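One structure below.
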Amino acid sequence: MPAVPVPAFDRRAFLRRAGILAGVAVAGAGAGRALQQRAGRGRVAGRPCPARGAAAPPPVPAAAQLDVAGLEPVVTPNDRFYRIDTALQVPRVDAASWRLRVTGMVDRPLELSLDDLLAREVVEADVTLACVSNEVGGRLVGNARWRGVRLDDLLAEAGVRPGATQVVGRSVDGFTAGFPTATLDGRDVLVAVG
């Protein structure tokens with residue numbers, strides 16, 4: 001069998017190709033950011049998020065000294081709330097065709113439109129969210145007043161079977177996240193609409 005010649009390593013050609021590849025990556029990242037800004041921030045435009053019995057702001061003890069340099073406010077302003085994107089483009093949700101489906105190990109599967117969801121009792125809850133990737137002292141955490149429908153009410157209506165151990169949410173772009181049904185123990189777990 002004849003020997004196959006191995007081409008010599010050309011350092012200049014390698015560096016040139018690596019530079020071109022880096023330029024393409026930077027240009028692609030810039031184009032992705034431009035598309036995200038043009039597409040908006042993933043909202044359902046023009047839809048009110050009514051809440052019945054709006055809650056008062058979270059209580060702050062009278063003796064609390066909150067005028068400390070670098071201290072974040074008790075409620076994180078919307079424009080400063082952390083955001084994690086799982087796709088190159090923020091999904092745009094068509095309110096008219098969007099559906100919430102409660103399926104799986106339930107006795108009575110549910111399918112609700114946004115109007116169906118907003119027609120239910122919408123409650124408010126002050127909830128702290130922290131990204132699972134947040135480092136100690138990191139910025140991927142925020143406090144907000146959320147509006148939504150209680151998830152435990154929806155699951156009770158659907159009739160979750162005793163053997164069900166997980167709730168898995170699936171977004172319009174296919175991202176999934178889950179948590180144990182055991183965490184539905186009276187905490188304010190909402191299907192958030194605002």
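A short reminder: the numbers here are calculations on the coordinates, not readings from a lab. Because the structure is predicted, anything quoted here is derived from the model rather than measured. Using ideal geometry, Cβ is built from the backbone for each residue, glycine included, and neighbour counts are taken over all protein chains shown.
For the range 70-81, what does the Karplus curve 6.51 cos²θ - 1.76 cosθ + 1.60, with θ = phi - 60°, yield as ³J(HN,Hα) per residue in whole Hz, taken in order and with x for Gly and Pro?
x, 6, 6, x, 4, 10, 6, x, 3, 6, 10, 5
For labels at ARG99 and VAL75 in the simple 7 Å Cα→Cβ model, what's the distance in nm?
3.5 nm
Residue separation times 0.36 nm, minus the C-alpha to C-alpha distance between ASN143 and LEU88: what's the value?
Here the segment from ASN143 to LEU88 would lengthen by 17.2 nm.
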